[in-house]
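Enquirer: This is the structure I have questions about; it appears just below.
The values are calculated or read from the model by the stated rules, or taken from the named source; none is laboratory data. This structure is a prediction, so every number in the text was calculated from the model and none was measured. Here the Cβ positions follow ideal geometry from the backbone for every residue, glycine too, while neighbour counts run over all protein chains shown.
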Amino acid sequence: MPETKLIEKLQRLATECRLDIIEMISKAGSGHPGSSLSAIDILVALYFHEMHFDPKNPYWEDRDRFILSKGHAVPALYSVLVRSGCIGQEELGTLRQINSRLQGHPDRIALPFIEASTGSLGQGLSIAQGMALGLKLQKKEQKVFCLIGDGECQEGQIWETAMSAPKYGLNNLIVFLDNNNGQIDGTVKEIMDISPIDEKWRAFRWATTSIDGHNFSEILAALEQARKEEDRPTIIIARTIKGKGVSFMENQIKWHGTAPNEEETKKALSELRARL
Amino acid sequence: MSNGSKATRESFGEALQKVGAEVPNIVVLDADLSVSTKSVLFAKSFPERFFQMGIAESNMIGTAAGLALSGFIPFVCSFGCFVTGRYETIRVSIGYNRTNVKIVGTHAGLGIGEDGYTQMGLEDINTMRAVPGMTILQPADDLTTHAAVRFAAAHVGPVYLRLTRQKVPTLYRSEQVFQSGRAILLKEGDDLALIGTGATVYEALKASEDLSEYNPWVIDIHTIKPIDRALIRTLGDKCRTLVTVEDHNVIGGLGTAVAEVLSDGHSRARLVRLGVQDNFGESGKAEELYDKYGISAKKIVEQVRKILK
Ligand SMILES: Cc1ncc(C[n+]2csc(CCOP(=O)(O)OP(=O)(O)O)c2C)c(N)n1
């Protein structure tokens, strides 16, 4: 597919996923819209261009893996799973309800397409490292992708993985850092500044790039570069906007973990639909 | 019982603000959840005594231990699962170092609801009970939460204070009913005792109304460690059936603590432990989960009836 066509396709899908995210969180009455909207473009690029997987067989051995370490953004993951045909659209309406496969945070036992249960920040990246190491030991070609938050980088465990992954030469581990400068109690800058974040990862000997996390050509180019790495893991530091795509949610900490009410939902949906 | 209802985390936030004004060496640490744990109230009143540690619970616990060793009384706040999840740090930095740190775990149990298992403290009482010297408090309503905070601040030694996200009805009219280490006798009865802690005290009390033919005792165990051994022994002598109800795994929680007291004595009473049965929680409304896991008033009644039939 010529580049412009591909990018238009991904942009359209991302808008559709944003609609899903708003609808599903609104119906559930709770959830994390800001965190999901900031990550969705990255997930769309992964699930609709980069990753190899079989929507009919979650256990296909040769699939690439994705771990959402910032598990609270799981509505974004559910939406790409729906749009790629892994689960049915109707299931989105069950988010966070009792007996649903769509738990409030990713649950790999409840839903097979989830590679790791997460929701306690700091743990997903270690699990991703373990998977990448396992694949290497088995001499397999598959990649492990992982998404972490910038607030999440305050967890010590993140830096334990930062230290260990290069030691094992995990060029099959590709991490996105959703650098939206928001967390719960305020901005990352005021809560516990993590800058200069690119220099920190570089000092730990990771291949490091910085991109606009809402620009598909930059996301795709960074992924292509990551595939060329021969003996180091990659971290793609993606500048993002929390709540991206819904004007009144953008950069507003309040929308970290609050569901929109009926009126706000309508407004958000019509804004997004106008873009289709 | 009056009709007001309030989450015990809210009562905690208000109490800490009050006690903080009286005790100048109280300091408070939080890990990016001050809005949820309600430590934000203290932070607003005493910004110079509040430390925002970011999403880094282990470091927060260790820092608190150091502050305690230099004469402060630190309260470290987060969700129960996240703070007690750093068990080994608590075990050494707080426990073994005998530091005067107060650990506050909010959003305890199934009561947190839709967020699901990873955010639920369901084994926190178990692990905190295993730390030598740790006092564990789980108040059931507004005023006893105020009393518990006051006690924690005055007590020398580590405390784990377990609090709810969800609102709980007001049960008591005065802080004085709370005496650390002494359970509260809500109802004296005959042959059956219903024993709750935290949010399940109200469920037990409500269940007792439906079970009036058995005239059950109703007990509020707000201090899980050290537990009121004398009262449990008395119940073990007077009743044929004791039922513990907890929003926690039955392994290592209230039911286990009561079992330990009974097995130390000669009681022949039967103990039934209601709670999460060696399982994980899940997403759902708090009330639905209380039903599904058998700790709502309605389910307590059903299970007790079945047992006593
Ligand atoms: C160990 C742990 N501590 C605290 C939390 C509560 N929590 C959920 S989301 C969040 C903020 C996350 O910020 P960030 O990683 O920047 O992600 P964002 O939502 O901003 O993309 C916190 C503190 C958690 N889930 N896990």
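Enquirer: Scan region A:117-127 for residues that are within 13 Å of the chain's Cα centre (by Cα) and among the hydrophobic types (A, V, I, L, M, F, W, C) and jot them down.
Expert: Scanning region A:117-127 gives a single hit, A:L125.
Enquirer: A:E263 passes all but one of (1) of a type outside the set (S, T, N, Q); (2) over 24 Å from A:I174 (Cα atoms); (3) surrounded by 16 or more Cβ atoms within 10 Å (Cβ to Cβ); which number fails?
Expert: (3)
Enquirer: Would you point out the residue of region A:26-39, among those that are within 13 Å of the ligand (Cβ to nearest atom) and in a helix (DSSP H, G or I), that is farthest from the other protein chains (Cβ to nearest Cβ)?
Expert: A:L37
Enquirer: Here are B:A15, B:A21, B:A31: which of them is closer than 27 Å to B:V201 by Cα, in the same structural domain as B:A153 (by TED's automatic domain parsing) and of a type in the set (G, A, S)? Steps first, please.
Expert: Values: B:A21 fails: closer than 27 Å to B:V201 by Cα; B:A31 fails: closer than 27 Å to B:V201 by Cα.
Answer to the selection: B:A15.
Enquirer: Restricting region A:112-141 to residues that are touching a Leu at 6+ places or on another chain (Cβ under 7 Å) and within 22 Å of A:V80 (Cα to Cα), which is surrounded by the fewest Cβ atoms within 10 Å (Cβ to Cβ)?
Expert: A:F113
Enquirer: For the subset of region B:33-48 comprising residues that are facing chain A (nearest Cβ under 8 Å) and surrounded by fewer than 24 Cβ atoms within 10 Å (Cβ to Cβ), which member is farthest from the ligand (Cβ to nearest atom)?
Expert: That would be B:V40.
Enquirer: With the condition kept exactly as written, say whether any residue in region A:128-146 is modelled with pLDDT of 95 or more, closer than 28 Å to A:I211 by Cα, in a helix (DSSP H, G or I) and within 16 Å of the ligand (Cβ to nearest atom).
Expert: So far as region A:128-146 goes, yes, one or more of its residues are modelled with pLDDT of 95 or more, closer than 28 Å to A:I211 by Cα, in a helix (DSSP H, G or I) and within 16 Å of the ligand (Cβ to nearest atom).
Enquirer: Okay, next question. Could you grab the pairs with beta carbons closer than 9 Å, sequence gap of 6+ or different chains, first residue in region B:133-159 and surrounded by 21 or more Cβ atoms within 10 Å (Cβ to Cβ), second one among the basic types (K, R) and part of a helix (DSSP H, G or I)?
Expert: Short answer, once both residue conditions are applied: B:I136/B:R129; B:T145/B:R9; B:H146/B:K18; B:V149/B:K18.
Enquirer: Let me ask you something else. With respect to A:I184, determine if the residue is within 16 Å of the ligand (Cβ to nearest atom), in a helix (DSSP H, G or I) and within 14 Å of another protein chain (Cβ to nearest Cβ). Full working, then the answer.
Expert: Numbers: within 16 Å of the ligand (Cβ to nearest atom): yes; in a helix (DSSP H, G or I): no; within 14 Å of another protein chain (Cβ to nearest Cβ): yes.
Considered against the rule, which asks whether it is within 16 Å of the ligand (Cβ to nearest atom), in a helix (DSSP H, G or I) and within 14 Å of another protein chain (Cβ to nearest Cβ), A:I184 comes out as no.
Enquirer: Then there's this: From the list A:K200, A:K189, exactly one residue is on the phi < 0 side of the Ramachandran plot, within 14 Å of another protein chain (Cβ to nearest Cβ) and within 16 Å of the ligand (Cβ to nearest atom). Which is it? Full working, then the answer.
Expert: Values: A:K200 fails: within 14 Å of another protein chain (Cβ to nearest Cβ).
Residue meeting the stated conditions: A:K189.
Enquirer: Show me the helices (runs of 4 or more DSSP H) found entirely inside region B:49-153 where at least 1 residues are of a type in the set (A, V, I, L, M) and within 16 Å of the ligand (Cβ to nearest atom). Let's see the steps before the verdict.
Expert: Working: elements: B:57-69, B:80-84, B:124-129.
Qualifying helices (runs of 4 or more DSSP H): B:57-69, B:80-84.
Enquirer: What number of residues within region A:237-276 satisfy the criterion of being in a loop (DSSP other than H, G, I, E, B) and among the hydrophobic types (A, V, I, L, M, F, W, C)?
Expert: Qualifying residue count for the region: 5.
Enquirer: What's the total number of residues in region A:147-178 that are aromatic (F, W, Y) and away from the ligand (no atom under 13 Å from the Cβ)?
Expert: Within region A:147-178, residues that are aromatic (F, W, Y) and away from the ligand (no atom under 13 Å from the Cβ) number 2.
Enquirer: So, in region A:74-102, exactly how many residues are facing another protein chain (nearest Cβ under 9 Å) and either closer than 18 Å to A:I40 by Cα or surrounded by fewer than 24 Cβ atoms within 10 Å (Cβ to Cβ) (or both)?
Expert: First, the residues of region A:74-102 that are facing another protein chain (nearest Cβ under 9 Å): A:95-100, A:102.
Checking the rest, the ones that are also either closer than 18 Å to A:I40 by Cα or surrounded by fewer than 24 Cβ atoms within 10 Å (Cβ to Cβ) (or both) come to A:95, A:97-100, A:102.
Qualifying residue count for the region: 6.
Enquirer: Counting just the residues of region A:227-254 that are among the small types (G, A, S) and more than 19 Å from A:I7 (Cα to Cα), which one comes out surrounded by the most Cβ atoms within 10 Å (Cβ to Cβ)?
Expert: Checking each candidate, the answer is A:G243.
Enquirer: Let me ask another. Give all pairs with beta carbons closer than 6 Å in which a residue from region A:240-265 that is within 14 Å of chain B (Cβ to nearest Cβ) meets a residue that is more than 15 Å from the ligand (Cβ to nearest atom) and modelled with pLDDT of 95 or more; count only pairs at least 6 apart in sequence or on separate chains.
Expert: The qualifying pairs are A:A259/A:S26; A:A259/A:G29.
Enquirer: Of everything in region B:10-32, what is within 14 Å of another protein chain (Cβ to nearest Cβ), part of a loop (DSSP other than H, G, I, E, B) and touching a Phe, Trp or Tyr at 6+ places or on another chain (Cβ under 8 Å)? Give them in sequence order.
Expert: B:A31
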